[in-house]
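Written out below as structure tokens is the structure these notes cover.
Taken together, the values in this text are just the output of simple stated rules run on the coordinates, not laboratory data. For clarity, every value in this text was computed on a predicted model and none was experimentally measured. For neighbour counting, all protein chains shown are included, and Cβ atoms are generated from backbone atoms with ideal geometry for every residue, glycine included.
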Amino acid sequence: MDCIFCKIAAGEIPSTCVYQDESIFAFRDINPQAPVHVLIIPRTHICCADAITDENSDVVAKIFAAIPKIAKAEGLTNGYRVLTNCGEDACQTVKHLHFHLLGGRKLTEQMA
Ligand code: DGP
């Protein structure tokens with residue numbers, strides 16, 4: 001499968017990793033929208049939030065258990081935003097489930 005995030009998680013494409021374990025991989029976004037902009041992905045290929053099922057959702061729980069650890073390591077003591085873009089209307093560009101962790105400044109109230 002020709003998936004850029006699968007290749008990043010496998011170490012085939014370089015990235016700045018900030019956290020990894022057997023199930024998930026987190027790295028700095030190439031085009032940061034905030035002082036801290038980390039992408040957290042499952043190592044297994046799930047195309048987007050719409051493809052999360054009872055069978056594959058364990059890794060999503062693992063991602064959300066890792067987020068506070070990553071946020072702490074990144075110094076996000078005053079809050080942060082987590083979001084995922086799903087599909088065309090959300091302008092998802094990379095078709096591998098990823099959660100954006102944004103922080104390091106006061107974010108705008110706009111979500112859309
Ligand atoms: P989204 O629009 O939610 O699909 O966001 C995809 C994000 O992925 C976007 O913020 C830029 C980032 N990105 C795309 N290609 C690469 C890459 O090769 N390396 C890194 N570090 N980030 C990438």
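On full extension of the chain, what length is gained from residue 61 through residue 110, given 0.36 nm per residue of separation minus the C-alpha to C-alpha distance?
Length difference between fully extended and current span is 15.0 nm.
As a check on your grasp of the helix formula, calculate [θ] at 222 nm for the chain: sum -39500 (n - 2.57) over DSSP H runs of n ≥ 4, divide by the residue count, round to the nearest 500.
-6000 deg cm²/dmol
Magnitude of the Cβ-charge dipole of segment 54-112, K/R +1 and D/E -1, about the Cα centre, nearest 20 debye?
It works out to roughly 440 debye.
Given a Förster distance of 22 angstrom, what is the FRET efficiency for residue 93 paired with residue 28, based on the Cβ-Cβ distance and rounded to 0.05?
Using R0 = 22 Å, I get an efficiency of 0.85.
Between 72, 62, 95, where does the largest GNM mean-square fluctuation fall for the chain, given springs only between Cα atoms within less than 10 Å?
72
To make sure I understand the rule: partners must be lysines, Cα under 19 Å from the Cα of residue 106, and not fewer than 8 residues away in the same chain. Which ones qualify?
72
Can you tell me the 0 to 90 degree angle between the C-alpha axis of helix 58-73 and the longest principal axis of the chain, rounded to 10?
Result, in degrees: 30.
Using a Gaussian network model of the chain with C-alpha springs under 10 Å, which one of 66, 90, 34 is most mobile by mean-square fluctuation?
Most flexible of the set in this elastic network: 90.
With springs only between Cα atoms under 10 Å, which of 37, 45, 100 fluctuates most in a Gaussian network model of the chain?
Result: 45 has the largest fluctuation of those listed.
Would you work out if segment 24-112 is rounded, prolate or oblate? Take a ≥ b ≥ c from the square roots of the eigenvalues of the alpha-carbon gyration tensor; rounded if a/c is under 1.5, else prolate when a/b is larger than b/c, oblate otherwise.
It comes out oblate by the Cα gyration axes.
With the dipole of the chain worked out from charges on the C-beta (+1 for Lys and Arg, -1 for Asp and Glu) around the Cα centre, which of 38, 1, 93 lies farthest toward the positive end?
38
In the P(r) worked out for segment 1-42, what percent of Cα pairs fall beyond 16 Å?
Percentage above 16 Å: 30.
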